[in-house]
Amino acid sequence: MNAPLIDPFQRAISYLRVSVTDRCDFRCVYCMSENMTFLPKKDLLTLEELDRMCSTFIGLGVEKLRITGGEPLVRRDIMTFFRAMTRHLDSGALKELTLTTNGSQLERFAADLHAAGVRRVNVSLDTLDEGKFAEVTRWGRLPQVLRGIDAAQKAGLRVKINAVALKGFNDSELFELTEWCAARDMDLTWIEVMPMGDLGNEDRLDQYWSLKDLRARLAERYTLVDLAERTGGPARYVRIEETGQKIGFITPLTHNFCESCNRVRLTCTGELYMCLGQEDMADLRAPLRASPQDELLEDAIRRAIGRKPKGHDFDYSRQRADGQMSRHMSHTGG
Ligand code: SAM
Ligand code: SF4
């Protein structure tokens with residue numbers, strides 16, 4: 001057995017998030033511009049390379065894989081990759097295989113995902129209003145996503161909803177979204193909007209809705225019980241006593257969660273980002289392509305983990321987005 005991946009701050013890296021494409025069938029206003037230029041196909045890792053990359057990480061102790069993008073389910077033949085990962089679930093090396101999706105293709109793929117061993121999916125959904133949904137996703141259509149969620153639940157997948165908290169947009173739907181999720185036995189996680197990418201069409205400081213405020217509003221109506229649960233990521237959880245559902249808060253801007261960080265992110269071109277909020281990355285595609293054996297790749301992964309920083313530095317406190325990132329969420333996969 002290979003030595004596990006431990007970073008310089010004694011954090012064990014057990015969680016890999018993998019972006020399998022930069023493309024998407026939506027154009028969410030906070031994530032992409034309307035005319036995105038996508039990467040040339042030859043720059044993307046092939047499905048076989050994605051398999052080798054993930055399998056190497058699993059060999060080094062990664063126990064949880066989250067597949068993301070762009071929209072992971074628009075990558076051609078992506079089910080081949082999911083099915084290939086089943087062998088690691090079967091061997092017990094991989095404890096969980098999950099994905100984050102906009103839901104548009106779930107109606108088609110939910111049963112196959114379940115058959116491949118996926119048991120939970122995160123579906124991003126910011127509003128239950130058809131008009132507003134089309135406005136925020138530009139190209140998305142709500143009924144299609146709702147059918148996808150139905151299909152996922154029918155296939156036996158546990159669904160968690162992720163919503164980006166946007167002032168003047170979905171703050172009016174706080175209780176409606178909470179109750180809709182509760183009625184369908186779904187947990188709901190709110191994400192603070194992050195200063196990622198230069199989209200040129202939105203002033204994200206204007207849209208910023210603090211989750212502290214969101215939580216206070218929830219507490220006016222419900223009894224919130226803090227949960228000790230930590231996932232090694234930026235989410236904190238409460239349980240709503242009245243509905244039993246879990247509500248998550250992802251607050252990368254206002255909380256320091258870095259001390260327990262257990263994750264790294266791989267882009268669809270094989271760049272490994274050790275921290276969501278920092279530019280430093282390691283190219284893993286070159287060592288992967290340089291040799292059919294995995295030694296070079298393993299060595300590059302270990303060297304990269306050896307430079308995982310202690311934390312990041314997003315900061316809205318001076319009314320400008322310090323630590324602003326030039327890369328889009330669709331690049332690192334959120
Ligand atoms: N396409 C899939 C989806 O939408 O779920 C997966 C990729 S998407 C980049 C992952 C998550 O990042 C989504 O929940 C999305 O809402 C979130 N996201 C994108 N841009 C964001 C931003 N600027 N701030 C906060 N969250 C963002
Ligand atoms: Fe696509 Fe997800 Fe970005 Fe929306 S948030 S544009 S669905 S990648």
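Rolled with a 1.4 Å probe across the full set of protein chains, the surface gives residue 239 an accessible area near 90 Å². For residue 208, the solvent-accessible surface computed with a 1.4 Å probe is close to 50 Å², ligands and nucleic acids excluded.
Counting only cysteine Cβ atoms and a cutoff under 4.7 Å, the chain contains unmatched residues 24, 54, 181, 258, 261, 268, 275. Taking 0.36 nm per residue of separation and subtracting the current Cα-Cα distance, fully stretching the chain between residue 171 and residue 241 would add 23.1 nm.
If only the Cβ of Lys and Arg carry +1 and only the Cβ of Asp and Glu carry -1, the dipole of the chain around its Cα centre is close to 620 debye.
Per DSSP H run of n ≥ 4, the term is -39500 (n - 2.57); total these for the chain, divide by its residue number, and report the mean residue ellipticity at 222 nm rounded to 500 deg cm²/dmol.
Values: 11 runs with 104 residues, N = 334.
Calculated at 222 nm, the ellipticity per residue is -9000 deg cm²/dmol.
Solvent-accessible surface of protein heavy atoms, probed at 1.4 angstrom with all chains present, puts 100, 127 in the order 100, 127, largest first. If you look at the Cα atoms of the chain, you get an Rg and a Dmax of 19.2, 59 Å. Normalised Debye scattering of the range 204-307 at q = 0.10, 0.17, 0.24 Å⁻¹ gives log10 I(q)/I(0) of -0.46, -0.87, -1.25, counting only Cα atoms as equal scatterers and leaving out solvent. Between residue 95 and residue 278, the simple spin-label model (points 7 angstrom out along Cα→Cβ) gives 2.5 nm.
Think of the chain as a dipole: +1 on every Lys or Arg Cβ, -1 on every Asp or Glu Cβ, centred on the Cα centre; then among 32, 288, 45, 288 lies furthest on the positive end.
The values are calculated or read from the model by the stated rules, or taken from the named source; none is laboratory data. Keep in mind the model is a prediction, meaning the values are calculated, not measured. Note that each Cβ is placed from the backbone with ideal geometry, even for glycine, and that neighbours are counted across all protein chains shown. For accessibility, only protein heavy atoms count, side chains too; no ligands or nucleic acids. Shrake-Rupley method; radii C 1.70, N 1.55, O 1.52, S 1.80 Å.
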